[in-house]
């Protein structure tokens, strides 16, 4: 049971004779009248326990996307229900409206709509529905909370997909689908064609030239080989979900930026004909995607990423080579999405890298903080000078770690959160063009 503002106002009216006439008996009588009216009002109110609920909600929604859910409410009782209904979604689900008026005669059904705009990844749940049913005088209400479970999985937004068309155009150039042909160590032979001005003379196939003669002139027609990047290679993406991935840079957790980079790289490599595997790891595997290709790959990746949150523990880098060996024994491109800001925190990564670089091509990608770079340029007062010195020191530490990674045979990609996904994709394309995959 709960009382309304009308109940409080009605009690306040009874204080007038007490103040003016010192009529204590009259006040007691008024309290009795208010109690009787409230009891009658409460007895006439419809019972929330007589309501039956059915929830209709989409299974998935992208982060920041607005979706609509429905709640079907049926009154199985004999009295009408007049009041307010609150559908208790988690605050991070972004439910609007949170409370809705309810007028439901007996044996009838109403459809209540709620829009959700999730602001965090993962399972956004609704635990219960609370109904407050008032009587005709609206002095008091019956209130009950009924368990009506529901959930919407908020997927990563994949905002970096806007970079995909331009990278696919570059991939088509590398693949020989346009007039641009590439030739590099480790690339696969594609076809033969006639020599045109501007072709590399080293690509001339002299045996094919000797077999082909121009009937009109009787001379040989030069024939060149065309090449395309190698296909069916393995790309293993390892996302660090340890404590450093929880840091927020440009109002975005590091792990979310890593997920965006993984999705763009996965979409690009899949279009290139390569096999993509995903591991999200700290001390245990938090997410794994293997054996998927085409549209199924991105669907499985976003579904695996959605519920993963950073863990406030150190990442066990010593276990990463064994995990990669479980995925593939062939030479592969291994992309490590982690943090390389501090030398102390990167010791495990640096100690492990030689085991990977001996067998694989390795790229280490890390988010850089644009605020740190901006702080180095602000030196107007003493406080800003100290902050600039600290920022310069942080940049030097990151540069030292990056130099150590390069000495161990791996590539380093570092960029701001908005620029890291396309930078990782560009690194993949550069390696593919150089025939290093």
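The values are calculated or read from the model by the stated rules, or taken from the named source; none is laboratory data. Keep in mind that what you see is a predicted model, and the values were worked out from it rather than measured. We place every Cβ from the backbone using ideal geometry, glycine too, and count neighbours over all the protein chains shown.
For this structure, a couple of remarks:
- For segment 327-372, a residue qualifies if it is assigned to a helix (DSSP H, G or I) and under 18 Å from residue 415 (Cα atoms), and the qualifying residues are 370, 371, 372.
- Residues located in segment 95-107, provided they are within 12 Å of residue 79 (Cβ to Cβ), out of contact with any helix residue (DSSP H, G or I) (no Cβ under 9 Å at 6 or more places or on another chain) and in a loop (DSSP other than H, G, I, E, B): 105, 107
- In the condition set (1) assigned to a helix (DSSP H, G or I); (2) closer than 17 Å to residue 122 by Cα, residue 286 is compliant with all but (1).
- Test for residue 198: is it modelled with pLDDT under 70, at positive phi and in contact with a strand residue (DSSP E or B) (Cβ under 7 Å, 6 or more places away or on another chain): no
- The condition of being over 21 Å from residue 4 (Cα atoms) and either surrounded by fewer than 18 Cβ atoms within 10 Å (Cβ to Cβ) or free of Cβ contacts under 8 Å to residues at least 24 places away in the same chain (or both) holds for only one of 120, 99, 138, 79, that being 120.
- When 255, 340 are screened for being touching a helix residue (DSSP H, G or I) at 6+ places or on another chain (Cβ under 7 Å) and farther than 21 Å from residue 62 by Cα, only 340 passes.
- In segment 385-400, the residues that are out of contact with any strand residue (DSSP E or B) (no Cβ under 9 Å at 6 or more places or on another chain) and either surrounded by 15 or more Cβ atoms within 10 Å (Cβ to Cβ) or within 22 Å of residue 245 (Cβ to Cβ) (or both): 387, 388, 391, 394, 395, 397, 399, 400
- In segment 232-272, the residue that is farthest from residue 369 (Cα to Cα) out of those that are without any contact (Cβ under 8 Å) to a residue 40 or more places away in the chain and surrounded by fewer than 21 Cβ atoms within 10 Å (Cβ to Cβ) is 270.
- Residues in segment 405-422 that are part of a helix (DSSP H, G or I) and touching a residue at least 60 places away in the same chain (Cβ under 8 Å) were compared, and the one that is surrounded by the most Cβ atoms within 10 Å (Cβ to Cβ) is 421.
- Selected residue (criterion: farthest from residue 110 (Cα to Cα)) from residues of segment 30-43 that are surrounded by 13 or more Cβ atoms within 10 Å (Cβ to Cβ) and within 52 Å of the chain's Cα centre (by Cα): 38
- Residue in segment 146-153 that is at pLDDT 90 or above, surrounded by fewer than 17 Cβ atoms within 10 Å (Cβ to Cβ), touching a helix residue (DSSP H, G or I) at 6+ places or on another chain (Cβ under 8 Å) and on the phi < 0 side of the Ramachandran plot present: yes
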